[in-house]
Amino acid sequence: MENIRIAEISIAVTRKTVKNFNLKVRIRDGTVAMSMPAAASLSEARAFAASKLDWLRRCLERARRLQAVPDLWARPLAYEDGAECWLWGRRFRLKLERMGSPGFRVEPRARQIVLLLPADSTPAFKQRMLEQCYARQLRIHASPLLAQWSPLLGVQVTGLGIRRMQSRWGSCTPATGRIRLALELAKRRREALEYVVLHEMAHLLEPNHSPRFYAILDRHMPDWRSRRALRDRPLEDASG
């Protein structure tokens, strides 16, 4: 592992058998890592990191904000009956019910996520069931957004994936039209979800964070900056 510095940012660099440079920011501790092709030079690595400087600074600023205040979203979850969890920016409670066949349901009025579990369920199994619930919620709410924005942008999304992500809210593959969303988005406000969906769909037209990319966001969602900021803010009535 080697280290490079771009402006005020230190980056740990690892050479791997990969074709492309890849930057990751660990939001929880504010560290930056880069993987790079084994045959590439550190000068090329510095040039790539410099091209991503604005993005790096935004990520690190978010990391600083989260470290300065209690992170509601990152508190370890005790998978017990009545444990606090989050869905669409609001506090919910887990309700555990013993059932032979595992499943889940959401009760919005009661602000409960009900996990249907075998009697001998482990914490890891409960976590997996809650994540399945989050993935289902994301698909329910993201699918209409994809259908809404596709004709407006003139793009075709060929598939939607949901996965855990450490440093991103979403990603896409312009060559195939496939979009992936971070599982964590199910905890955040729906306005933030719509921003991330549009952000990734805009990348199907413009892969880079170029002026053209931001012009697409400005044209179709003039308030995208405020929506982006909502990712880290619960709803005002979330403490109820």
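The values are calculated or read from the model by the stated rules, or taken from the named source; none is laboratory data. Not measured: the values here are computed from a predicted model. Virtual Cβ from ideal backbone geometry, glycine too; neighbours counted across all protein chains shown. Surface areas here come from the heavy atoms of the whole protein model, side chains and all, with no ligands, DNA or RNA. Shrake-Rupley method; radii C 1.70, N 1.55, O 1.52, S 1.80 Å.
Whole number in Å², please: accessible area per residue of the chain, 1.4 Å probe, ligands, DNA and RNA not counted.
I get 54 Å² per residue for this part.
Run the simple label-point estimate for S226 and A38 please: 7 Å along Cα→C-beta, distance reported in nm.
Using points 7 Å along Cα→Cβ, the separation is 5.2 nm.
Taking H placed 1.01 Å from N in the peptide plane, check which residues at least 5 places from F92 or on another chain put their amide H under 5 Å from its amide H.
C85, W86, L87
Beyond a 28 Å Cα-Cα separation, which of these cross-linked pairs lie in this structure: K126/K187; K95/K187; K24/K187; K19/K126; K19/K52?
Those over the limit are K19/K126.
What list of ³J(HN,Hα) couplings, whole Hz, do you get for the stretch 32-41 from phi and the Karplus terms 6.51, -1.76, 1.60, once you set θ to phi - 60° and write x for glycine and proline?
Once θ is set to phi - 60°, the couplings for the stretch 32-41 become 10, 10, 9, 9, 9, x, 4, 8, 6, 9 Hz.
Ordered by residue, what ³J(HN,Hα) values in Hz, to whole numbers, does the stretch 131-141 give under the Karplus form 6.51 cos²θ - 1.76 cosθ + 1.60, where θ = phi - 60° and Gly and Pro are x?
Rounded to whole hertz, the list is 5, 5, 5, 4, 4, 5, 4, 4, 5, 4, 8.
Please report, in debye to the nearest 20, how large the charge dipole of the stretch 123-240 is about its Cα centre when each Lys and Arg carries +1 at its beta carbon and each Asp and Glu carries -1 there.
400
Using a 10 angstrom cutoff on alpha carbons, build the Gaussian network for the chain and name the most mobile of F92, F213, F21.
Fluctuation is largest for F21.
For the stretch 81-149, which trypsin sites (Lys or Arg not before Pro) are in a loop by DSSP, counting at most 12 other Cβ atoms within 10 Å?
Here the trypsin sites (Lys or Arg not before Pro) that fit, given the DSSP loop and packing criteria, are R109.
In sequence order, what are the phi-derived ³J(HN,Hα) couplings for the stretch 19-26 according to the Karplus relation 6.51 cos²θ - 1.76 cosθ + 1.60 with θ = phi - 60°, rounded to whole Hz, with x for glycine and proline?
My calculation for the stretch 19-26 gives 8, 10, 7, 9, 9, 9, 10, 7 Hz in order.
Calculate for the chain the 222 nm mean residue ellipticity that helices alone would give, adding -39,500 (n - 2.57) per DSSP H run of length 4 or more and normalising by residue count, nearest 500 deg cm²/dmol.
-12000 deg cm²/dmol
Given a Förster distance of 41 Å, report the FRET efficiency between M99 and Q148 from their Cβ-Cβ distance, rounded to the nearest 0.05.
E between M99 and Q148, to the nearest 0.05, is 0.70.
Which percent of the accessible heavy-atom area of the chain goes to carbon and sulfur, probe 1.4 angstrom?
For the chain, the apolar C and S fraction of the accessible surface comes to 51 percent.
What is the angle, in °, between the Cα long axis of helix 42-51 and the longest principal axis of the Cα atoms in the chain? Nearest 10 is fine, range 0 to 90.
For 42-51 against the chain, the angle is about 60 degrees.
Would you please classify the overall shape of the stretch 1-63 from the alpha carbon gyration tensor, given that a ≥ b ≥ c denote the square roots of the eigenvalues, rounded means a/c under 1.5, and beyond that prolate means a/b larger than b/c while oblate covers the rest? Mind showing how you got there, number by number?
On the way: a/c = 2.02, a/b = 1.65, b/c = 1.22.
Prolate.
Binning at 5 Å from 0, report for the chain what percent of all alpha-carbon pair distances ends up in each bin.
1, 6, 12, 15, 16, 15, 14, 11, 6, 3, 1, 0
Which of P207, P37, P118 ends up with the largest GNM mean-square fluctuation for the chain, with Cα atoms connected below 10 Å?
Result: P37 has the largest fluctuation of those listed.
Can you tell me how the stretch 138-230 classifies by the Cα gyration tensor, rounded, prolate or oblate, using a/c under 1.5 as the rounded cut?
Taking the square roots of the gyration eigenvalues as a ≥ b ≥ c, the stretch 138-230 is rounded.
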